[in-house]
């Protein structure tokens, strides 16, 4: 009997030792996914990095993560409700406006420039079609040249006329349909066609067809509307000396008139991710229009990260090799990403308040790429 009691006592001691030993060495819980995502944002902002950034991630339309880091200006911390210029992501909206007007019978993608507007610059072939403008197949070169910016910088408060803007379109890069050549001139002319075909300003077309029905209440077209709510201060290295300067005071009517339908939508990051969901997975457009939009022309972009352009949309690959639909953007003081994965239903939007910095493009890419690589295994 004594032997049995001794054995039980020993077993009890071993059990107690094992339990107490396990408790003593239990690892503390690791950071949550949201904490890991915030850490990625924080790692990309600060001295010699991005001034500030906001990120929104949705899954099948539901916003799962909304993040912010860095600063707006030197005294204001960045927050995710701030509005940014989305730069060339505006082209997704301009293309959607054109397709919506086609749905309404107000134009056709086969229409030419001459069918809707008058331009006098001989560098603009008035036989170019709306489809060719949308897909950057027109052969047109750009118009945002230094001589134009000299006019803007002499008077930020006076908008430039369409005549002035089209007069600056450079000699064509090629004849129409020779090949893809990205040019803001295409979307300048598309904005003029939108107004001629609809009888409304571009801002009115965007608001009545998209912002109001889709409840994107933080989104504005800067040329035609006063941007409501807090705006992230734009920073730019204007002279190439490596020093960023807050250029908020420059953002008058002249800037907005030049950016127009190539770059002048302003919004917060939540609305931007929501716009991508409505555009590619929702009912912002009919299925027939989306089919046209997403018929990608295979192109040699010079980048391993994207290889196709549809109607105002790029086919983009991040480091994982996953195919996304969307666009990126850069303008004076702002940089942006908007991507949608048609397989998983993940949408990500990123807005940053700086331009013309050597490391800005790389940091923006890394920020979006690292967040996607963090969340995809969890979904």
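The values are calculated or read from the model by the stated rules, or taken from the named source; none is laboratory data. Model, not experiment: these values are computed from the prediction. Every residue, glycine among them, receives a Cβ derived from its backbone with ideal geometry; neighbour counts consider all protein chains shown.
General observations
- All positions within the range 317-336 that are free of Cβ contacts under 8 Å to residues at least 40 places away in the same chain and crowded, with 23+ Cβ neighbours inside 10 Å: 324
- No other residue among 108, 72, 88 is at pLDDT 95 or above, in a helix (DSSP H, G or I) and either surrounded by fewer than 21 Cβ atoms within 10 Å (Cβ to Cβ) or in contact with a strand residue (DSSP E or B) (Cβ under 7 Å, 6 or more places away or on another chain) (or both) apart from 88.
- Taking residues in the range 227-242 that are on the phi > 0 side of the Ramachandran plot and in contact (Cβ under 8 Å) with a residue 24 or more places away in the chain, and partners anywhere that are surrounded by fewer than 21 Cβ atoms within 10 Å (Cβ to Cβ) and assigned to a loop (DSSP other than H, G, I, E, B), not one pair has Cβ atoms closer than 6 Å while being at least 6 places apart or on different chains.
- For residue 239: the one exception among (1) closer than 25 Å to residue 153 by Cα; (2) in a helix (DSSP H, G or I): (2)
- Among the candidates 190, 137, residue that is part of a loop (DSSP other than H, G, I, E, B) and touching a helix residue (DSSP H, G or I) at 6+ places or on another chain (Cβ under 9 Å): 137
- Of the residues 42, 47, 27, the single one that is within 25 Å of residue 230 (Cα to Cα) and modelled with pLDDT under 95 is 47.
- Residues of the range 259-299 that are in contact (Cβ under 8 Å) with a residue 60 or more places away in the chain, surrounded by fewer than 24 Cβ atoms within 10 Å (Cβ to Cβ), in contact with a strand residue (DSSP E or B) (Cβ under 8 Å, 6 or more places away or on another chain) and not in a helix (DSSP H, G or I): 297, 299.
- Checked against (1) touching a strand residue (DSSP E or B) at 6+ places or on another chain (Cβ under 6 Å); (2) more than 30 Å from residue 157 (Cβ to Cβ); (3) not in a strand (DSSP E or B), residue 326 passes all but a single condition, namely (3).
- Matching option when the condition is assigned to a strand (DSSP E or B) and surrounded by fewer than 17 Cβ atoms within 10 Å (Cβ to Cβ), among 35, 63: 63
- Residue in the range 261-281 that is under 25 Å from residue 193 (Cβ atoms) and more than 15 Å from the chain's Cα centre (by Cα) present: no
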